[in-house]
Structures are given as C-alpha cells and as structure tokens.
Amino acid sequence: MTFDYRPYITSNSEICGGEPVIAGTRVTLRTVLASLADGMSVEEILADFPSLNRESVKAVLAFAAMSAEEDLPLPAAPVLA
C-alpha cells in the first residue's frame, strides 16, 4: 500500500501562487525535493524547516513518486544485440 500523502499536501492560489505546499506551511514540495536532490538528509531538511516532520517529507516523496508514475512514459526496453 502506498503512503497517503493527501493529508500533508495542499494547494491554494493565495499561498505560494498555488504551488503545492506542506499543509499548514509555506514550504513548497519543490523546495523539499530540490533539497533532497542536492544531497540534504531528512534530518538537515527538518533542521532547516522546523515546521516539517518526517511524515511530511515522506508525503513529498510519495507525491513525487505518484506524479512520476502518472506523468512519465515507461522507459524503452533495452535492445539486446
């Protein structure tokens, strides 16, 4: 079963221009994902954004995984010579 990210993520046109954020904060999903991509640990992200918790970071990853599953084409099968 996939982690239910929905209680943790919201979008409101009056908050961060409607970009998805962690509910109850102004921390965007893009910010959390960029931090992870830059090599930050979850502990470092939580230290930088004290309004977050481990579950909210997990929700960002679950949301990204679900989005990737819906939006990205499947990779082509390797060609065997």
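Below is a table of values for the structure above.
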read-out	value
Chymotrypsin sites (Phe, Trp or Tyr not before Pro) within region 1-53, DSSP loop, no more than 16 other Cβ atoms inside 10 Å	Phe3
Long-range HN-HN contacts of Ile9 with modeled amide H, under 5 Å	Ala23
Table column - 3J(HN,Hα) (Hz), region 30-37, Karplus curve with 6.51, -1.76, 1.60, x for Gly and Pro	4, 5, 5, 5, 5, 4, 5, 5
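Laboratory data are not the source of any read-out in this text; all were calculated from the coordinates shown. For clarity, every value in this text was computed on a predicted model and none was experimentally measured. For neighbour counting, all protein chains shown are included, and Cβ atoms are generated from backbone atoms with ideal geometry for every residue, glycine included.
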